[in-house]
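See below for the structure under consideration.
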There are 4 protein chains.
Amino acid sequence: MRSIDLNCDMGESYGRYILGRDEELMPYLTSVSLACGFHAGDPVVIQRTVENAVKHNLAIGAHPGYPDLQGFGRRKMEMTPEEVEAMVLYQIGALWGFIRSIGVEMTHVKPHGALYNQAAEDYQLAKAIISAVRRFSRNLTIVGMAGSILVTIGLDMGMKIAQEGFVERGYLANGRLMPREYPGSIIHDPVKAAEQAVRLAKEGINIQQENLPENIQIDTLCIHGDSPNALDVAIAVRSALEEAGIIIKNFAA
Amino acid sequence: MRSIDLNCDMGESYGRYILGRDEELMPYLTSVSLACGFHAGDPVVIQRTVENAVKHNLAIGAHPGYPDLQGFGRRKMEMTPEEVEAMVLYQIGALWGFIRSIGVEMTHVKPHGALYNQAAEDYQLAKAIISAVRRFSRNLTIVGMAGSILVTIGLDMGMKIAQEGFVERGYLANGRLMPREYPGSIIHDPVKAAEQAVRLAKEGINIQQENLPENIQIDTLCIHGDSPNALDVAIAVRSALEEAGIIIKNFAA
Amino acid sequence: MRSIDLNCDMGESYGRYILGRDEELMPYLTSVSLACGFHAGDPVVIQRTVENAVKHNLAIGAHPGYPDLQGFGRRKMEMTPEEVEAMVLYQIGALWGFIRSIGVEMTHVKPHGALYNQAAEDYQLAKAIISAVRRFSRNLTIVGMAGSILVTIGLDMGMKIAQEGFVERGYLANGRLMPREYPGSIIHDPVKAAEQAVRLAKEGINIQQENLPENIQIDTLCIHGDSPNALDVAIAVRSALEEAGIIIKNFAA
Amino acid sequence: MRSIDLNCDMGESYGRYILGRDEELMPYLTSVSLACGFHAGDPVVIQRTVENAVKHNLAIGAHPGYPDLQGFGRRKMEMTPEEVEAMVLYQIGALWGFIRSIGVEMTHVKPHGALYNQAAEDYQLAKAIISAVRRFSRNLTIVGMAGSILVTIGLDMGMKIAQEGFVERGYLANGRLMPREYPGSIIHDPVKAAEQAVRLAKEGINIQQENLPENIQIDTLCIHGDSPNALDVAIAVRSALEEAGIIIKNFAA
């Protein structure tokens, strides 16, 4: 019987700036990836978000990103592999202190924004990220875009992997994400997002590389926490998965 | 037989900006406290400094400070205890990832600059710092100014403590540090610094509170790594201590 | 016949983080003070806010603050007068480029947050701020808390001054702002805020210093742009002032 | 009779971090480009460097860069043209306040680091930079790499231009800068740098585009202020130019 994890990126507020409706969404999720203070999040936000996530019994992971608060980590930055590795290791540790102090375990690491997208295609970058995670702990799961280079290299380097699908993003025929500027690239309708969630959970994604389709099973589904109807999407996705008989549990459970 | 630790604050470079002669000084020390990226240091600097410190077999601690690179953490910032605790916990974890990944243990935490000075006198602030350290690990030693409130509260809260003296700073008759604007507040002469080191190691400091002198034994001596003659001071201090028959070893050994 | 300026602090968004409903409020105001990128605001936010303010024919001023985005410039920072002066001059110029490029004039400078509050009481700090403004241009008006030291020194140093009152803040009997932790320190009811606006515009504030009341005429009324009912307050204040026969125009007109 | 400007990038210190020997070099230069606080420089550093430059009667320009202190503005960042334009306008204004307050004029703008290199080849980026400069003032000269797109577009957009050559960088046969990883890409010998300075001043650079050599006259020569022998290079370059009968004066004179 199929099982799937439901995740959301959280802890993206900063000082007085509030982003996302973290607490409302948590009851519908099984894991969260928390911003670590570089592209979003500050120590107080981290503290509070970790506390909330523990209350809701969620798997907690680090969501490291570029040091670019103004660009929210969505702008590519040119960095050497050494810089990327150190930057990721720093952020994992920074978050880890908060989790450790509550007595639970960090379960995973998922790169954020431009780092996530680049790591899906750039071998050097993906390797630097995974090196940082592996140096921190071999027990951490790396969450990456389904069928991406990050996932391939993560497996090669002996790490646990969770392949991620997106319930609110359109997919191209070749299994890749539709660029954001395409019409239909964002799925706003909770019903359609729920349908996509069930399809991804049941069928996975067919990635076509050199005309050879490869079916990839999805381990975790990402719900965007900052869309205006995030709560509706989360509720619709969760109930549709349950109706379809899919077990919802985190990948660490 | 008396023993003493010799420490220096390190890892204070940032990007292209180089500060201190870390590698040259390391052979003469037994412990280092490393900047964690808020008032100084960046992930690559941390990575390299941890590697060097491990090579030289030094006890490695975190040196958390205010988020003020421009002021080098020397300008007071008004923060709530919650903010201070989260900020310190964040920085400890950030550094810890680098140490953990090499397979050694972090030994201590020493607040930096304005945070260090305020923690010597401000009960709420000292408590917030110690809470952060204790939450991270009860095995960490807290390094604080000899006779300070940080030390008193640290003991009250069940933590291990190292009382710190300064070889290059003048002391007042009441056992407090001479303010920097006083003539003689900075000891530049390596010979005099070495004499003070031996005296502090042998006799400790007499802190006068309400006319009752209290003798405090010094556990660790701080050498400033960024003075022009830091190397001369380190060499003079170390050899004077050895001649005086004082064992030089870190407080974690 | 009495006239008064209605002002609001704006341009406080940062990257993806949206704060305040600037555009909705602008039709009800006569001046705005814009964050300059240190405690809030980024270059793109500044660009857009200046454009909007010009469209609404508002007097535009700089709202410089401490370099503390996380604390939103509300946490005191220890700075030398030289640092404060340079920091304020930097921020005025940074904003001025955007205003100049549209062909309008900057009218005023109003310090933000902790800097505003400290400048109301700290002679050295107030002087450093005014020096920066005066160096930039003697045509700029300095906006300060009514009856504050900033205002007194500003006049002494030959600058134009606008005394500011707050429609949503309680006042003590001695003419000072009620601390935020007091019950009644924040006026949420638009009707009461409007009443206070009319009273401040007509009667000014009686500051009691050494038991000698001094009546201070209010030149500008501040409306908080980030309260949930900011729009209701602005509408109520404006129409109450108009009904009371008070002319609403900016201090530069 | 030929004349040439001698420039250096300055004001690159930050807080306690000192970079470059600005004051020693100034007597040998005719213009300086000052960091504006994004990739280097802080308000106090700007204040002091402007004062020194005025004392030495140097033409003063802005040297805007990416908001990346850790990478010293040398790492590419992905930005929209709107972001680049606002970022450059912000930095020009920020510096301008310090120059204006002393009563002299800003003469030029020269992009820094990755921004400079990208602007030599990227049409959109170059246009965004020039738009910012032109909006600020049509009297500003844009300094760009000789033969670069920045220069071409600057002329197209009606701006004054200064074509820049480098005395310490090797050139390829096609007139482009040798990449830094090539042997011989950096000229350390003051004598050779001086020879190159005279050659560039007399002969300009032959840029080969589509096999059509185009001779470009050099208006300004850049000396690196942060090399260990910067002073020797500056002295050698200046006296060699004088001996060759070339007039040394800034492009604004």
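The values are calculated or read from the model by the stated rules, or taken from the named source; none is laboratory data. None of the values given here were measured: they were computed from a predicted structure. In this analysis, Cβ positions are derived from the backbone assuming ideal geometry, glycine residues included, and neighbour counts consider all displayed protein chains.
D:Glu82 passes every criterion in (1) surrounded by fewer than 20 Cβ atoms within 10 Å (Cβ to Cβ); (2) closer than 24 Å to C:Arg138 by Cβ; (3) in contact (Cβ under 8 Å) with a residue 40 or more places away in the chain apart from (2). Taking each residue of region A:172-183 that is closer than 14 Å to A:Ile216 by Cβ and looking for partners that are surrounded by 11 or more Cβ atoms within 10 Å (Cβ to Cβ) and of a type in the set (A, V, I, L, M) with beta-carbon atoms closer than 6 Å, six or more apart or interchain, yields A:Gly175/A:Ile205; A:Gly175/A:Ile207.
Just wondering, is there one or more residues in region B:108-119 that are surrounded by fewer than 24 Cβ atoms within 10 Å (Cβ to Cβ), facing chain A (nearest Cβ under 9 Å) and modelled with pLDDT of 95 or more? No.
Could you tell me which residue of region A:94-104 is surrounded by the most Cβ atoms within 10 Å (Cβ to Cβ), considering only residues that are of a type outside the set (Gly, Ala, Ser) and touching a residue at least 40 places away in the same chain (Cβ under 8 Å)?
Out of the qualifying residues, it is A:Leu95.
Within region B:78-94, restricting attention to residues that are more than 7 Å from every other protein chain (Cβ to nearest Cβ) and assigned to a helix (DSSP H, G or I), which residue is farthest from B:Ile46 (Cα to Cα)? Out of the qualifying residues, it is B:Pro81.
Restricting attention to region A:96-106, the residues that are under 20 Å from A:Ala40 (Cα atoms) and more than 7 Å from every other protein chain (Cβ to nearest Cβ) add up to 2.
Considering C:Ile207, C:Ile218, the condition of being among the β-branched types (Val, Ile, Thr) and either closer than 15 Å to C:Ser31 by Cβ or in a helix (DSSP H, G or I) (or both) is satisfied by C:Ile218 alone. Only one entry of B:Ala253, B:Ala234, B:Ala197, B:Ala201 meets the criterion of being in a loop (DSSP other than H, G, I, E, B), touching a strand residue (DSSP E or B) at 6+ places or on another chain (Cβ under 9 Å) and small (Gly, Ala, Ser), and that entry is B:Ala253. Hey, could you check region C:214-242 for residues that are closer than 12 Å to C:Asp189 by Cα and small (Gly, Ala, Ser) and say which is modelled with the lowest pLDDT? Per the criteria, the residue is C:Ser227.
On the given criteria, is D:Ala230 touching a residue at least 24 places away in the same chain (Cβ under 8 Å) and farther than 24 Å from D:Ala40 by Cα? So D:Ala230 does not fit the description; no. When A:His108 is tested against (1) in contact (Cβ under 8 Å) with a residue 40 or more places away in the chain; (2) part of a loop (DSSP other than H, G, I, E, B); (3) within 17 Å of A:Leu150 (Cα to Cα), only condition (2) is not met. Check whether at least one residue in region D:22-35 is within 14 Å of chain C (Cβ to nearest Cβ), touching a residue at least 60 places away in the same chain (Cβ under 8 Å) and not in a helix (DSSP H, G or I), and report yes or no. For region D:22-35, residues within 14 Å of chain C (Cβ to nearest Cβ), touching a residue at least 60 places away in the same chain (Cβ under 8 Å) and not in a helix (DSSP H, G or I): present.
Please count how many residues of region A:10-21 are among the aromatic types (Phe, Trp, Tyr) and either assigned to a helix (DSSP H, G or I) or more than 14 Å from chain B (Cβ to nearest Cβ) (or both).
1
So is A:Gln70 farther than 22 Å from A:Leu221 by Cα and touching a helix residue (DSSP H, G or I) at 6+ places or on another chain (Cβ under 6 Å) or not? So A:Gln70 fails the test. Screening B:Tyr14 on (1) touching a residue at least 24 places away in the same chain (Cβ under 8 Å); (2) within 18 Å of the chain's Cα centre (by Cα); (3) farther than 21 Å from B:Ala146 by Cα shows it passes everything except condition (2).
Could you please let me know if D:Asn7 is crowded, with 24+ Cβ neighbours inside 10 Å and either at pLDDT 95 or above or away from chain C (no Cβ under 14 Å) (or both)?
Considered against the rule, which asks whether it is crowded, with 24+ Cβ neighbours inside 10 Å and either at pLDDT 95 or above or away from chain C (no Cβ under 14 Å) (or both), D:Asn7 comes out as yes.
Could you tell me how many of the residues in region C:61-70 are in contact (Cβ under 8 Å) with a residue 40 or more places away in the chain and facing another protein chain (nearest Cβ under 7 Å)?
1
Figure legend. Inter-residue proximity from region C:191-210: first residues in contact (Cβ under 8 Å) with a residue 40 or more places away in the chain, second residues aromatic (Phe, Trp, Tyr) and surrounded by fewer than 22 Cβ atoms within 10 Å (Cβ to Cβ), beta-carbon distance below 7 Å, spacing 6+ or different chains. Indicated pairs: C:Ile205/C:Tyr171. Listed conditions (1) buried (at least 21 other Cβ atoms within 10 Å of the Cβ); (2) within 10 Å of another protein chain (Cβ to nearest Cβ); (3) not in a helix (DSSP H, G or I) are all met by A:Arg75, apart from (1). In this structure, does A:Gly165 turn out to be in contact (Cβ under 8 Å) with a residue 40 or more places away in the chain and within 27 Å of A:Ile99 (Cα to Cα)? Yes. Scanning region B:41-57 for residues that are more than 14 Å from chain A (Cβ to nearest Cβ) and crowded, with 24+ Cβ neighbours inside 10 Å turns up just one, B:Ala53.
Checking region B:169-191 against the condition returns a match, with at least one residue being part of a helix (DSSP H, G or I), within 26 Å of B:Arg74 (Cα to Cα) and modelled with pLDDT of 95 or more. Within region B:34-74, the set of residues being aromatic (Phe, Trp, Tyr) and within 14 Å of the chain's Cα centre (by Cα) is empty.
Inside region B:3-53, residues that are in contact with a strand residue (DSSP E or B) (Cβ under 8 Å, 6 or more places away or on another chain) and acidic (Asp, Glu) make up a count of 5. For region C:141-162, filtered to residues that are in a loop (DSSP other than H, G, I, E, B) and either among the small types (Gly, Ala, Ser) or in contact (Cβ under 8 Å) with a residue 60 or more places away in the chain (or both), the residue that is surrounded by the fewest Cβ atoms within 10 Å (Cβ to Cβ) is C:Gly158.
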